[in-house]
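Student: Have a look at this one before I ask anything.
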Amino acid sequence: MPLRTIFVDLNSYFASVEQAEHPALMGRPVAVVPMMAETTCCLAASYPAKACGVRTGTLVRDARKLCPKITFIEADHHKYVTYHHRIIEAIERCFPVWKVFSIDEMAIKLFGRERETAFARAKALEIKKRILDDVHPALTCSIGIAPNRYVAKIASDMQKPDGLVIIQSDELPQRLFDLQLRDFPGVGPRMEARLM
């Protein structure tokens with residue numbers, strides 16, 4: 001089965017947009033929150049914040065303990081939607097977007113010679129460069145290329161941030177054997193418990 005899908009996943013999207021808007025925050029621990037309150041939780045965290053243990057869902061008061069130098073920014077969803085449209089425009093200068101799955105995830109269908117590994121990889125690198133050049137250098141993405149959308153999504157999660165992973169059909173299922181159940185899209189804590 002040939003490569004059929006490129007899956008683009010923006011890295012730490014809300015936090016990256018805030019770093020694009022506030023260059024002094026580039027490379028620093030940042031968390032986006034719904035409101036400025038100690039009892040609320042983080043909606044997104046930059047990779048320096050993640051390195052300290054701050055994740056989506058971490059309470060603000062816990063994030064302060066984990067990462068004393070963290071900067072909290074109140075979410076501005078209008079801004080994130082505006083950047084989303086700019087990213088779609090940048091990607092579509094390389095390839096038409098087939099489907100948008102969320103504000104920071106989208107997929108591209110491959111046809112004919114586009115399914116050749118070298119061509120698909122070159123286009124993925126072009127997409128990355130186009131986002132950096134046309135939108136902002138703070139906005140990196142991880143890209144997965146695979147025979148279907150589900151495996152392409154898994155591939156996009158395998159190398160973060162700023163990764164590019166290609167999974168060929170002849171590598172399946174062995175290429176997935178080292179993954180944990182929670183690494184598969186759609187498997188949350190309850191589903192994991194049921195499967196166990």
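The values are calculated or read from the model by the stated rules, or taken from the named source; none is laboratory data. Just so it is clear, the structure is predicted and the values come from calculations on it, not from any experiment. Positions of Cβ are generated from backbone atoms using ideal geometry, with glycine treated the same way; all protein chains shown enter the neighbour counts. We work out accessible area using only protein heavy atoms, side chains counted, and drop any ligands, DNA or RNA first. Shrake-Rupley method; radii C 1.70, N 1.55, O 1.52, S 1.80 Å.
Student: Treat each spin label as a single point 7 Å out from the Cα along the C-beta direction, and report the LEU132 to GLN180 distance in nm.
Tutor: Calculated label separation equals 3.0 nm.
Student: In whole angstrom, note down how far apart the Cα centers of segment 15-71 and segment 150-196 are.
Tutor: First find each Cα centre; the distance between them is then 26 Å.
Student: Going through the cross-link list LYS79/LYS99; LYS99/LYS160; LYS128/LYS153; LYS128/LYS160, which pairs have a Cα-Cα distance over 18 Å in this structure?
Tutor: LYS79/LYS99; LYS99/LYS160
Student: Now for a different question. What accessible surface, in Å², does a 1.4 Å probe find on MET158, ignoring ligands, DNA and RNA and rounding to the nearest 10?
Tutor: That residue has around 70 Å² of solvent-accessible surface.
Student: Convex hull volume of the Cα atoms in segment 1-107, per residue, in Å³?
Tutor: Residue-normalised Cα hull volume stands at 120 Å³.
Student: What do you get for Rg/Rh over segment 101-148 if you use C-alpha atoms and the Kirkwood form of Rh?
Tutor: 0.98
Student: For the chain, what class follows from the C-alpha gyration tensor (a ≥ b ≥ c being the square roots of its eigenvalues): rounded when a/c is under 1.5, otherwise prolate if a/b is larger than b/c, else oblate?
Tutor: Cα axes put the chain in the oblate bin.
Student: So in the chain, which Cys have no other cysteine's beta-carbon sitting under 4.7 angstrom from theirs?
Tutor: CYS41, CYS42, CYS94, CYS141
Student: Kirkwood-based Rg over Rh for segment 122-180 (C-alpha set), two decimals?
Tutor: Ratio of gyration radius to Kirkwood radius for segment 122-180: 1.04.
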